[in-house]
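Okay, structure first, notes after.
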Amino acid sequence: MGEVDGSAGMQKIAMEGLNASAEMVEVGIYDSSGLGYRLTEFPRLLARDRINMHFFVGLERGGEVRSACGIAAVNKGRLKALAEWEPHLKAGMEYRDGIVLLSVFPHQFDLKAVGFALSALTAARIPLRGFCSSLSALTFVTEPSYLAKAVAALQECFHISSSRTDLLEAP
Amino acid sequence: MKGKALEGEGQRKRRKHLDVTAAYWEPQIKTYGFRKNTGLLLVEMKAGAEMLDSLGQGLVHMGNLRIPFHLVFMQVSEGGLISVYLLIQPEWEKDLIECVRPTSPVGIEVISPVDMLSFQGPHFGERFGILDAAFQALSSKKIRVIASVCSMSCVYLVLEAGQGERAASALSETFEVPKAFPLRS
C-alpha cells in the first residue's frame, strides 16, 4: 500500500477517494431467544416490501443474533408497519434516526489502513456506530453532524487523491 | 475538498431526502462472479469504546507485519462494548494474538474456523432482496450463516467450516455466475 509524507512528517496512506452517503435510519436487531435463523428473518421482512438495505452487518453466535442495517429514512414508517406483524422481531428492533456512511477506498486489505482510521476517528471523538469492509472500501457509520469532522480526521491519516475525492448524495 | 461544504443547509436537506433504488427482479440474479475462501479464522477483538484507540494501534501493528484481512467489521453491543471481527488466514493466528495481547485493554478470541463466500452484482447497492435471496438459497439446503456483511455492491457470507462448496452450489441455483468469471478460490 502506498504511503506519502504528511505535513508533520507523519506517514499517510494513499487513498484514491472518499465519499459519504445520504442520511439514513439505522435499524438494530437483537435477539437472544436462541431459536435460530433470526439472522435471516430481518432481510426477509425487508424484501417482502421491496425495501433496500444500504448496508448490513449481522452475526449469529451462541444463540444470540445482533445485526444493524441502514435503510432510507423514507422507508422507516413502512418497516415499522411491517414489524407489527412480526412481534418477535419487533421486540428486538431499535431505530436510530440520522446516520451516514463514510467510505474511503481502496483499503487493499491492509489492516494498517483500518487501524489508522479507527485511531484517527477515536482521537477526533467521532461517534462510531460500526464499520465494515467491502471489496475496495472501508465504510464507517457515524452521525451527520460529525461528518465534516470525520472527513478531516481521515484526511489526517490518508492522502486522498483530490481528483477522486467527492461526496456523493446517495450510497 | 473542504469539510465545511458539507455543512450547507441545502446539502443537508438533499442528503436527507435523496434515495436511489433500482426495483427490478430477475429469474436468476446476475452476478459478476463468486469468490470462495475456505479454512479462514473468525477472530473477535473486544474493547470498551474508550479503548478503541488501543484497538486501532493493534490493527496498525498487524498491518506492519503485513497480516492481510479478508473481511473486517464492527458491532456495538449494549453498554457500548465494541467488537471488531476479523477474517484472516489461520497461519497468522499467533502473530495476531501477539500484536493485540500487549495492548491489555483489548480482549481477543479466536471464535472458529470458517468458510466465506463473497459476490458482487449489478446495482446490488441499490436493489432490494439480494441478501434475502442468498439467505433463502442457503436455508433451503440447511446451511447456517454465521455472519453476513453487505456494503456497496458486495455481499459476504461467513459459514461454518466445510460448508463453502455446498453453499456455492446452493447459491448457483439462485444467482447467475458468468461463464467468463467462474467461482474463484
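The values are calculated or read from the model by the stated rules, or taken from the named source; none is laboratory data. Model, not experiment: these values are computed from the prediction. No Cβ is skipped: glycine too gets one built from the backbone with ideal geometry, and neighbour counts run over all protein chains shown. What goes into the accessible areas is simple: the full protein's heavy atoms, side chains included, and nothing from ligands, DNA or RNA. Shrake-Rupley method; radii C 1.70, N 1.55, O 1.52, S 1.80 Å.
Some values worked out for this structure:
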read-out: Accessible area buried, both sides summed, chains B and A with 1.4 Å probe, Å²; value: 5600 Å²
read-out: GluC sites (Glu not before Pro) restricted to DSSP loop in the range A:53-89 with at most 16 other C-beta within 10 Å; value: A:Glu84
read-out: Residues of the range A:115-131 buried by at least 50 Å² on assembly (accessible area, 1.4 Å probe, chain alone as reference); value: A:Leu118, A:Ser119, A:Thr122, A:Phe131
read-out: Share of pairwise Cα separations in the range A:24-98, more than 14 Å, in percent; value: 55 percent
read-out: Sites excluded, trypsin sites (Lys or Arg not before Pro) in DSSP loops with at most 14 other C-beta within 10 Å, longest stretch of chain A; value: A:51-124
read-out: Lys/Arg +1, Asp/Glu -1 at C-beta; the range A:24-98 dipole; positive extreme among A:Asn75, A:Trp85, A:Gly63; value: A:Asn75
read-out: P(r), alpha carbons of the range A:1-135 - 10 Å bins starting at zero, rounded %; value: 10, 35, 29, 18, 7, 1
read-out: Relative contact order (%) - criterion: Cα under 8 Å, at least six apart; region: the range B:78-160; value: 29 percent
read-out: Portion, in percent, of the accessible area of the range A:24-98 that falls on carbon or sulfur, probe 1.4 Å; value: 51 percent
read-out: Computed [θ] at 222 nm, deg cm²/dmol, chain A (DSSP H ≥ 4; -39,500 (n - 2.57); rounded to nearest 500); value: -8000 deg cm²/dmol
read-out: Per DSSP, loop trypsin sites (Lys or Arg not before Pro) in the range B:80-185 with at most 14 further Cβ within 10 Å; value: B:Lys141, B:Lys142, B:Lys179
read-out: The range A:24-98, dipole about Cα centre (Lys/Arg Cβ +1, Asp/Glu Cβ -1), debye to the nearest 20; value: 180 debye
read-out: Residue-normalised accessible area of the range A:24-98, given per residue in Å² at a 1.4 Å probe; value: 44 Å²
read-out: Threshold 50 Å², the range A:50-77 residues less accessible with all protein chains present than alone (1.4 Å probe); value: A:Arg50, A:Asn52, A:His54, A:Phe56, A:Val57, A:Leu59, A:Glu60, A:Arg61, A:Arg66
